[in-house]
Amino acid sequence: MNHLTITNLSKTYSNGVQALKNVSLEIPTGMFGLLGPNGAGKSTLMRTIATLQEADEGTIALGGLDVLTQKAEVRRLLGYLPQEFGLYPKMSAEVLLDHLAVLKGLTNRKERKAVVQALLHKTNLYDVRKKNLGGYSGGMKQRFGIAQALLANPKLIIVDEPTAGLDPAERNRFHNLLSELGENTIVILSTHIVDDVKELCTNMAIINQGKVLLTGNPLETIEQVEGKVYRKTIEKNELAEYKEEYMIISERLLLGKPIIHILSENEPGDGFEPVEADLSDVYFAQIFSEPSNSLVHS
């Protein structure tokens, strides 16, 4: 049960939007980052793996299980933290987690209490276990989401955009929790935040417009653009001209002036300076090189 294999998965919605186009991925034990902009098809893929949505074509195998047909068996091995998940604001974390544990099949009261308490400790919520969930911060709610996802000791954990909106301290706490989980479980982290993948994942895929653009180890993918990324500060009114001439992969403002990163096989001159590539450059280079994409801002 140490691999998730996705083969030629496609999905088109009734409004004609093709959310997935022949997606094939091999996902081993550990942290796997699925990186892409909003609307890239990440959530469709996550929901399909989580048995919540049908695919039009293709297969998904978790070990010896067919994810698309053996849904009940897969759900027993699955922990899922969707992008939006509902909580009962007037219930405490301890009570709701106990209730969810019953639904997951933990019917022995003593055993269930031990599991609930262990998970509250693991997610650093034990001291606020009697507090109503409505009073939880965003980061605390996400950690509760992980606690419920871990109830059945899952072999596959899916977390969809888990750190969006978290402050830096909560994000670090969440990262530490996720990295522990990836030691002996398949953990799929779906996000548009490049740093989440860079800091946590040993394998990744970049997806956009329903297609897998690149797979690999984050550090190895950075090597592919090393020595090809250049930076320059320009005036705002020059931006259109530079877009015509160079492959701009990202731009940001510093003191009101755009700093652009370009991808170039050769030394561009013209005042550009080489810059050490990072995963953001890989990401934007892949997204921007896709036809019909406008510039993605960093």
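Worth pointing out:
- Any pair with Cβ under 7 angstrom, 6 or more apart, that starts in the stretch 53-75 at a residue that is of a type in the set (Gly, Ala, Ser) and ends at one that is part of a loop (DSSP other than H, G, I, E, B): ALA55/LEU68; ALA61/VAL67; GLY63/MET1
- Search result, residues across the stretch 36-65 that are open to solvent by less than 10 Å² (accessible area, probe 1.4 Å) and in contact with a His (Cβ under 7 Å, 6 or more places away or on another chain): GLY36
- Contacts under 6 angstrom Cβ, first residue in the stretch 116-136 being touching a residue at least 12 places away in the same chain (Cβ under 8 Å) and outside any helix (DSSP H, G or I), partner open to solvent by less than 10 Å² (accessible area, probe 1.4 Å) and not basic (Lys, Arg), 6 or more apart: THR123/ILE146; THR123/ALA147; LEU125/ALA93; ARG129/ALA93; ARG129/LEU120
- Conditions (1) open to solvent by less than 30 Å² (accessible area, probe 1.4 Å); (2) without any contact (Cβ under 8 Å) to a residue 40 or more places away in the chain; number of the one not met by PHE144: (2)
- Filter result for the condition that a residue is under 30 Å from LEU4 (Cα atoms), over 24 Å from the mean Cα position of the chain (by Cα) and modelled with pLDDT of 90 or more, over VAL128, VAL116: VAL116
- Applying the criterion of being at pLDDT below 90 and either under 24 Å from HIS175 (Cα atoms) or not in a helix (DSSP H, G or I) (or both) to the residues of the stretch 102-113, the residue that is nearest to the chain's Cα centre (by Cα) is LYS104.
- Residue pairs meeting the criteria (Cβ under 7 Å; at least 6 apart or on separate chains; first closer than 20 Å to GLU57 by Cβ, in the stretch 189-213; second in a helix (DSSP H, G or I) and of a type in the set (Lys, Arg)): ILE207/LYS42
- Of everything listed in (1) surrounded by fewer than 19 Cβ atoms within 10 Å (Cβ to Cβ); (2) modelled with pLDDT under 85; (3) closer than 27 Å to ALA285 by Cα, the single unmet condition for THR163 is (1).
- Screening the stretch 74-101 for residues that are assigned to a helix (DSSP H, G or I) and open to solvent by 70 Å² or more (accessible area, probe 1.4 Å) and picking the one that is farthest from LEU9 (Cα to Cα) gives VAL95.
- For the stretch 240-250, the condition of being out of contact with any Asp or Glu (no Cβ under 8 Å at 6 or more places or on another chain) and under 30 Å from GLY30 (Cβ atoms) holds for none of the residues.
- ASP278 touching a residue at least 12 places away in the same chain (Cβ under 8 Å), among the acidic types (Asp, Glu) and in contact with a helix residue (DSSP H, G or I) (Cβ under 7 Å, 6 or more places away or on another chain): yes
- Among residues of the stretch 146-177, those that are under 15 Å from the mean Cα position of the chain (by Cα) and part of a loop (DSSP other than H, G, I, E, B), counted: 6
The values are calculated or read from the model by the stated rules, or taken from the named source; none is laboratory data. For clarity, every value in this text was computed on a predicted model and none was experimentally measured. Virtual Cβ from ideal backbone geometry, glycine too; neighbours counted across all protein chains shown. The accessibility values were calculated without ligands, DNA or RNA, using every heavy atom of the protein model including side chains. Shrake-Rupley method; radii C 1.70, N 1.55, O 1.52, S 1.80 Å.
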